Structure formats: C-alpha cells, structure tokens
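The next block holds one structure in the form of structure tokens; read it before the comments.
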Amino acid sequence: MKLFVRDLTVIDASYLDAQRGFVGESYQVDITLDGKLNEQSMILDFSLVKKKIKAIIDAEVDHKLLVPHAAENCSVILGAERSQVNYILNDNSAIQLKCPNEAYCLLESETVTLELLETYLEQVILLQLPDNITGLEVKLRNEQIATPYYHYTHGLKKHNGNCQRIAHGHRSKIDIYIDDVYSDALVKDWANRWRDIYLVSAEDVIDKGDLSFIVLQNKSDKLCTAYHAQQGYFELLLPASRAEVLPRDTTVEELANYICEQIKARYSEQKITVYAYEGIGKGAITER
C-alpha cells in the first residue's frame, strides 16, 4: 500500500556548478511511502510524515550548500567544526569557502542533479522511518514560472536560523509594475542581471589577506566576504564578476527596496511597485 503527500515542504539551497558557479534553487517536495499497515491501521500518521520527514530534509539539505565532493575540480578539507571547500570553475577561477560544517551537504558525486538529490534523500530518510515502511520515493520539482526569474545565493548574518549560512539560495520570480502596469522589459533586465548571482552586503566585504585560508592562485578579480553569526564564522571567496555588492543587507525586504530604488532613479515621475520573491510563494512588496 502507498501513502503520498504533495507539497510536503520547500528546499531552499545552493549548489556548485563548474559553468554557472553558485546556483540558488528552490524545490517543491512530494513524497510517496510504501508499507504495511501498523497497529493504528495506518502506514504512518500524516502528522508524523509532515513533522519527521520535513525535519530530516531540513537537517540534511535545506539552507545548505550542496557540494559535489567527488568532482575532480572540488577538494574538501574537513575540520572538527569548520571545513574548507575549494571549487575550480571552467574558466579556471575559483570559489572557496571555510564555514561551520552544518553549512554544507557533501554529496559523493561529480555534479549535483535533481535525480541525485532525490536518491540521496530517499536513502537518508528511509533509514529513520519505522520498520513497516518498506519503500520511499522523493520527487523534487521546480515551481512553474511563466515569466523571467533569477537564481541567487546569499547569507544573512543577523538571522537567528539557518539563513545565516553564507551560501544558501533561492530560485525566484520577480514582478515589476510601472504605474500599475506589468513591465516585461524590467523583469527581463533584473532576471538577466541576477542570473546565478551571489548577493553580498557591502559591510561584509573583507580584504583577501584577512581570510583564514590560503587563496588559490588564479587571474580573476576576487571578492572576499566573511562574518560572525550564531552558528560560527563564515568565509567566502569568489570571482567578483559573479557577485553584486549591495549597500544593505540581502534580506528579501531589502532586495525589494534596492530594486525599487534603482528603477525609481530612471522613472522618477511614475509609481514603481516591486514584488521580490524569496523562493516559492513568499517575498516582499515595495512601492515608491
């Protein structure tokens, strides 16, 4: 017999890709359980499905950086509390991080794919379910977005939860209105501007010499960022061309404000409305 739950949760995470660099993603999660009825004439109580399986998914992959540990261009130096990841991109530039171990999900693969992540979650979740559960299928899917969207990665040092991790991300749509009329052109502009972008607050930018790890030699211009948060000390180096430095925090509220201000500078006489999304079904609205 089978039990299913649609839209169990949403995974917001980023992964490393040799061509694209950081890729922020938001996945909707569906699950199907195979099993025998228990003494309650159930496979598993729905409240337990939602709480237990969601908790496992959150602990394993949500708000983490997914690292293809087996790739030739990736090396990981494991530490007791903080680990370093070195990842060489196709243009021979590098992304390097040194973060608390909770910030990563290390996958024994050469690339990160939807199918790989589904298999990984099936394996780790099934081990923690009751014995009457004999099988599990995890299906991840992207939100269907008919308009342009962007993938962004960031970290929020002031956040009390897992958003403080320096390299987690989202796949997000954006809606922009000029005098209450939807602007296809501006939506496309921002989707292109922030395609596979890393967004960093200016106050978190540091000098390369202040990093606690040795920087790999390459010719690209480097951007370095670091901060202390509740979970520990986070450090990141990446090519400057793959990032945008903002004069504010990178919460979705401030992203909406920033986009609106940038557009208002061009359309000073018109009413500007921006709906900035943080992943699926949530975000912030700003009007000027």
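The values are calculated or read from the model by the stated rules, or taken from the named source; none is laboratory data. These numbers were taken from a predicted model, which means no experiment stands behind them. Cβ placement follows ideal geometry from the backbone for every residue including glycine, while neighbour counts extend to all protein chains displayed.
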**OP:** May I ask you to list pairs of residues, at least six apart or on different chains, whose Cβ atoms are under 8 Å apart, with the first in region 147-175 being among the acidic types (D, E) and the second being crowded, with 24+ Cβ neighbours inside 10 Å and outside any loop (DSSP other than H, G, I, E, B)?
**Re:** D175/V274
Original post:
Quick one: which of T134, T147, T153 is surrounded by fewer than 20 Cβ atoms within 10 Å (Cβ to Cβ) and touching a Phe, Trp or Tyr at 6+ places or on another chain (Cβ under 9 Å)?
Top reply: T147
Original post:
From E81, E72, which residue is at pLDDT 95 or above, out of contact with any Gly (no Cβ under 9 Å at 6 or more places or on another chain), of a type in the set (D, E) and surrounded by fewer than 17 Cβ atoms within 10 Å (Cβ to Cβ)?
Top reply: E72
Subject >> Single residue of L66, L114, L127, L106 found to be more than 21 Å from H170 (Cβ to Cβ) and within 15 Å of the chain's Cα centre (by Cα) >> reply: L106
Original post:
Among K50, K54, which is the only one that is part of a helix (DSSP H, G or I), in contact (Cβ under 8 Å) with a residue 40 or more places away in the chain, among the basic types (K, R) and surrounded by 16 or more Cβ atoms within 10 Å (Cβ to Cβ)?
Top reply: K54
Subject >> Pairs where the first residue, in region 130-144, is closer than 27 Å to G281 by Cα and the second is surrounded by 15 or more Cβ atoms within 10 Å (Cβ to Cβ) and among the polar types (S, T, N, Q), C-beta under 9 Å, 6+ apart >> reply: K139/Q28; L140/Q28; R141/Q28; N142/S26; N142/Q28; E143/S26; E143/Q28
Original post:
Does V29 satisfy being touching a helix residue (DSSP H, G or I) at 6+ places or on another chain (Cβ under 7 Å) and buried (at least 20 other Cβ atoms within 10 Å of the Cβ)?
Top reply: yes
Original post:
What are the residues in region 130-159 that are closer than 30 Å to H228 by Cβ and not aromatic (F, W, Y), if any?
Top reply: H151, T153, H154, G155, L156, K157, K158, H159
Original post:
Pick from region 112-131 the residues that are under 30 Å from Q19 (Cα atoms) and touching a strand residue (DSSP E or B) at 6+ places or on another chain (Cβ under 7 Å): which of them is surrounded by the fewest Cβ atoms within 10 Å (Cβ to Cβ)?
Top reply: L114
**OP:** Among the residues of region 83-113, write down those that are more than 20 Å from K222 (Cβ to Cβ) and charged (D, E, K, R).
**Re:** E102, E108, E110
**OP:** Filter region 57-99 down to the residues that are outside any loop (DSSP other than H, G, I, E, B) and hydroxyl-bearing (S, T, Y), then identify the one that is nearest to S212 (Cα to Cα).
**Re:** S83
Original post:
Can you name the condition, by its number, that K208 falls short on among (1) over 23 Å from P100 (Cβ atoms); (2) surrounded by fewer than 15 Cβ atoms within 10 Å (Cβ to Cβ); (3) in contact with a Lys or Arg (Cβ under 8 Å, 6 or more places away or on another chain)?
Top reply: (1)
**OP:** Working only within region 166-200, note down all residues that are surrounded by fewer than 17 Cβ atoms within 10 Å (Cβ to Cβ) and under 17 Å from the mean Cα position of the chain (by Cα).
**Re:** R195
Original post:
How many residues does region 57-69 contain that are crowded, with 17+ Cβ neighbours inside 10 Å and out of contact with any strand residue (DSSP E or B) (no Cβ under 8 Å at 6 or more places or on another chain)?
Top reply: 0
Subject >> Unmet criterion (only one of (1) assigned to a strand (DSSP E or B); (2) more than 28 Å from D7 (Cβ to Cβ)) for Y275 >> reply: (2)
**OP:** Please work out which one of (1) at pLDDT 95 or above; (2) surrounded by fewer than 13 Cβ atoms within 10 Å (Cβ to Cβ); (3) farther than 30 Å from E269 by Cβ is the condition C163 fails and give its number.
**Re:** (2)
